[in-house]
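Notes follow the structure.
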Amino acid sequence: MDIDVLEKVRDIIDKSNNIVFFGGAGVSTASGIPDFRSATGLYNKKTNTDYSPEYMLSHEFFENHPGEFMEYAKNNLISLEAKPNDAHYALKTLEDMGKLKGVITQNIDGLHQMAGSKSVIEIHGNLRDYYCTKCFKNYDLDFILNNNKSEICTECGGIIRPDIVLYGETLDANNMDQAIKWIREADVFIVGGTSLVVYPAAGLLDYYRGDKLILMNMEPTPLDYKADYTIYGDIATNLDRLVSSL
């Protein structure tokens, strides 16, 4: 870790009150939630089926195998033991200080809200909310976890799904419009814990108009060349260091 860069970024954060944070799976790994593409990530985990993990999280798989999809989601996406880590709390502190305008997250775990953040856009949805695709009756996580046939609507017999964006589906237009507005207006744009290979989410960097784009990741990404500052290493540790020294 470059101490000089960390000090420069700390000074930038200290002087700004219009920061936007855009984060991915790496933000939650310190909470015990695996990312997707690393060697120990979800996509490298065997499924005990003939299907790849990526395909099992697709719209096509959900449509054709709703029961298997829900079982896979229960066993691999939902983590009841996970708690917010230092990255989540550092961002909450920045919000409390009036510096952070909001968090844009690709994560579906709800840990930003659990940490106390109020201004959060979940561009890939969340695992707290579920609904019937036929009658649109709403369900909560307790129902999903405590019913063997949790993919079947008790009202109409339709198929229940989580309120998340699956592969092959489009992102919510309202969420994306709000995220783009935040980024365009931001003084400082911090991007962390994301491989920046999944579009259209990775394309959000193109909307930033400033000169304080900060990338924070364990490893380099294909879009590091766009950054004004890069900080490598554990994002929970580095965000905590930046914020605790303000």
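The values are calculated or read from the model by the stated rules, or taken from the named source; none is laboratory data. Bear in mind the structure is a predicted one, so any value in this text is a computation, not a measurement. Using ideal geometry, Cβ is built from the backbone for each residue, glycine included, and neighbour counts are taken over all protein chains shown.
The numbered conditions (1) out of contact with any strand residue (DSSP E or B) (no Cβ under 9 Å at 6 or more places or on another chain); (2) in contact (Cβ under 8 Å) with a residue 12 or more places away in the chain; (3) surrounded by fewer than 19 Cβ atoms within 10 Å (Cβ to Cβ) are all true for Asp129 except (1). Assigned to a helix (DSSP H, G or I) and modelled with pLDDT of 95 or more - does that describe any residue in region 226-233? Among the residues of region 226-233, at least one is assigned to a helix (DSSP H, G or I) and modelled with pLDDT of 95 or more, which makes the answer yes.
Kindly establish whether Leu205 is part of a helix (DSSP H, G or I), touching a Leu at 6+ places or on another chain (Cβ under 9 Å) and more than 30 Å from Lys137 (Cβ to Cβ). Here the answer is yes, as Leu205 does meet what is asked.
When region 156-178 is limited to residues that are touching a helix residue (DSSP H, G or I) at 6+ places or on another chain (Cβ under 6 Å) and assigned to a loop (DSSP other than H, G, I, E, B), the one that is surrounded by the most Cβ atoms within 10 Å (Cβ to Cβ) turns out to be Leu166. Give the residue that is nearest to the chain's Cα centre (by Cα), with candidates limited to residues of region 2-23 that are at pLDDT 95 or above and in a loop (DSSP other than H, G, I, E, B). My answer is Asn18. Would you check if there is a residue in region 92-115 being within 29 Å of Ser16 (Cα to Cα), surrounded by 15 or more Cβ atoms within 10 Å (Cβ to Cβ) and free of Cβ contacts under 8 Å to residues at least 24 places away in the same chain? Yes, there is a match, as at least one residue in region 92-115 is within 29 Å of Ser16 (Cα to Cα), surrounded by 15 or more Cβ atoms within 10 Å (Cβ to Cβ) and free of Cβ contacts under 8 Å to residues at least 24 places away in the same chain. Under the condition of being closer than 21 Å to Gly168 by Cβ, modelled with pLDDT under 85 and loosely packed, with under 15 Cβ neighbours inside 10 Å, the residues counted in region 46-90 number 2. Against the criterion of being out of contact with any Cys (no Cβ under 8 Å at 6 or more places or on another chain) and modelled with pLDDT of 95 or more, Leu94 qualifies.
Pick out the one residue from Ile152, Ile159 that is in contact (Cβ under 8 Å) with a residue 40 or more places away in the chain and either more than 20 Å from Val191 (Cβ to Cβ) or not polar (S, T, N, Q) (or both). Every option except Ile159 fails the conditions.
Could you please let me know if Lys118 is farther than 14 Å from Val20 by Cβ, modelled with pLDDT of 95 or more and not hydrophobic (A, V, I, L, M, F, W, C)? In short, yes.
Restricted to region 208-222, and to residues that are assigned to a loop (DSSP other than H, G, I, E, B) and either hydrophobic (A, V, I, L, M, F, W, C) or in contact (Cβ under 8 Å) with a residue 60 or more places away in the chain (or both), which residue is nearest to Asn238 (Cα to Cα)?
Met218
Could you identify the single residue in Lys212, Lys137, Lys181 that is of a type outside the set (Asp, Glu), in contact with an Asp or Glu (Cβ under 7 Å, 6 or more places away or on another chain), at pLDDT 95 or above and surrounded by fewer than 17 Cβ atoms within 10 Å (Cβ to Cβ)? When all the criteria are applied, what remains is Lys137.
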